[in-house]
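A quick write-up on the structure given underneath.
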């Protein structure tokens, strides 16, 4: 657009003085009018290109304002070394300071909870109205974001960001474009545009010499004035028009708008990206490394079946399971009660002395003491030990049921009453609905999915098969994550992963796209290049889609822009050089050189605002392979880019009163 | 006979200091704002190029047209150099 802007200045000068760069052959008034029209159109071309960027930035600014409204200066209770409290403005807080936040207070800056437990309303940044529990020392829920409000209790928070450096501040800078730097693909496209401009600049700069030579030749062969039309056709204004028509101005005008729109789309997903590079890298990702629990599965294991053993029937197991779980408030416990009730289990506890036994890591079981009878449910090994301690026997059918559940990818829980084992409860962790189709889409796009889980191999293989992931790593440790990422990267692949814990931080930093959960630790958030404010790990798949859409949109519009130029060559060159015998190439039958140039330039200017909605919305995304996408792009945007301007330029030529 | 008094006026020290400050300010501004400097250098260079264009044009162009053409040629060459920079160090643009 810089070249078009310079061209506009030069054409403005020749509008003021048509004889500035040489005496014009045609009527000066007519030449001035043509130069003026060209200047006007070029000016609007620059204006429309800036308009595209302004619209994209305007949307970003609106989002920035929405984010900014969540951030306000508050009075913070800063803790001094002698543990006394000093009230300071939140802008005076520095990294490492400790502040006390009391129920009802706004959290003054991003930080890590180091003392206290409290529920925080994060709706200002996530839109989710349910309060989030924050407590120290956990891999999740220990970090707080400035601008959110503490609803209950008190927290001591260690500030982790200086003023203006918090996540919300960084997001504001990014969506406003203040910190926008070109991504590798944008740089590559900039080089391509520079090369094309350089080539056409040389072509246009040498055209007067060439046309002068041909005009002299025509004068000698056909007569003294035969080459005059050729000389008139290479006036400075027309040469600048030719240059503007030759270079791909459409993509030049829309390039930054496409990039900004990509950032906007990520922001609309409630994800903070630290750079445009990260968003674009999503589109190039080859491998997705995903946790099983919470990402691929719902994360709350639910009872699916009761398997009777030891001569008991289904109803007895359901009854025992119901009693053992009636005081269990965990999702697993509730699901056992629901399943038992569905099978007709009901027990009237009225009047009977009953006491709930809570689960502990030591006993690995929970249950109910009812009227002197001990009902227990828990890990099969733990229940075996309990039964033996009460003088009972472990039946062989228990191990068979245990193996069966494991092979189904579930977690087996044994149920007993004193020394008598009743059966096994099959706890199934549900694969999130629709994931199989999403993974199929990713596979078609050439993205490989790897699932990591701490479960045993049998369970992992079953879940992997059910979800449709390409590969899995069972009994994985946090160190395995970084090993998987490194081995994939060694094969030249780009890897994306999610994480929330401090132990995920090295892997998040190593991955090309690291998506940290907002509920995760500060270390994880700082290591990642994206933070999901909704803490939904499945969103990584959506981000890959957005990144791909960004790249597809840029590719499609580049194809369209370059294809457009072909029609512009056919409009301008044959009419300018008609005297040299190439008038037959004027296949559109344009009225005159003047009309052809003005029509091509009007089309060139108008196509930019016409394509702004497409640049901002993005080309409709379809999960296709790279080859299929290329074919589709060439067919729609390549062929369409050739045909559309032919029709449009001819239509403009018919409307224009120029002859 | 009484000699007439000489009425010489020298610039005051304050005026000289002000002028020096202005020159230094322009000098420091040139370091930040390169465009006026480049335009000035182009105009100076055109003092050499324009006569060459005029001499080679065989009276086809007037002096002012030769001057404008010289400047246009310089501008075109400058864009070409700029584009080469964009090609080789694109991350700076």
Only listed residue being over 15 Å from residue A:236 (Cβ atoms), surrounded by 13 or more Cβ atoms within 10 Å (Cβ to Cβ) and without any contact (Cβ under 8 Å) to a residue 60 or more places away in the chain, chosen from B:45, B:35, B:24, B:41
B:45
Which condition number does residue A:238 fail, the rest of (1) more than 13 Å from every other protein chain (Cβ to nearest Cβ); (2) crowded, with 16+ Cβ neighbours inside 10 Å; (3) modelled with pLDDT under 80; (4) over 30 Å from residue A:551 (Cα atoms) being met?
(3)
Any residue at all in the stretch A:568-583 that is free of Cβ contacts under 8 Å to residues at least 40 places away in the same chain, farther than 21 Å from residue A:268 by Cβ and under 29 Å from the mean Cα position of the chain (by Cα)?
no
Here are A:44, A:51, A:40: which of them is in contact (Cβ under 8 Å) with a residue 12 or more places away in the chain and out of contact with any helix residue (DSSP H, G or I) (no Cβ under 6 Å at 6 or more places or on another chain)?
A:51
Being closer than 25 Å to residue A:251 by Cα and at the interface with chain B (Cβ under 8 Å from one of its Cβ atoms) is the filter; apply it to the stretch A:3-23 and report the residue that is surrounded by the fewest Cβ atoms within 10 Å (Cβ to Cβ).
A:6
Can you tell which of A:316, A:355, A:374, A:305 is part of a helix (DSSP H, G or I), surrounded by fewer than 20 Cβ atoms within 10 Å (Cβ to Cβ) and out of contact with any helix residue (DSSP H, G or I) (no Cβ under 7 Å at 6 or more places or on another chain)?
A:316
Subset of the stretch B:34-76, residues at the interface with chain A (Cβ under 9 Å from one of its Cβ atoms) and part of a helix (DSSP H, G or I), comes to B:64, B:65, B:68, B:69, B:72, B:73, B:75, B:76
Might you let me know whether the stretch A:197-210 holds any residue that is at pLDDT 80 or above, out of contact with any strand residue (DSSP E or B) (no Cβ under 9 Å at 6 or more places or on another chain) and more than 14 Å from every other protein chain (Cβ to nearest Cβ)?
yes
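The values are calculated or read from the model by the stated rules, or taken from the named source; none is laboratory data. Worth saying up front: this structure is predicted, and the values here are computed from it rather than measured. Cβ sites come from the backbone with ideal geometry, for glycine too, and all protein chains shown count toward neighbours.
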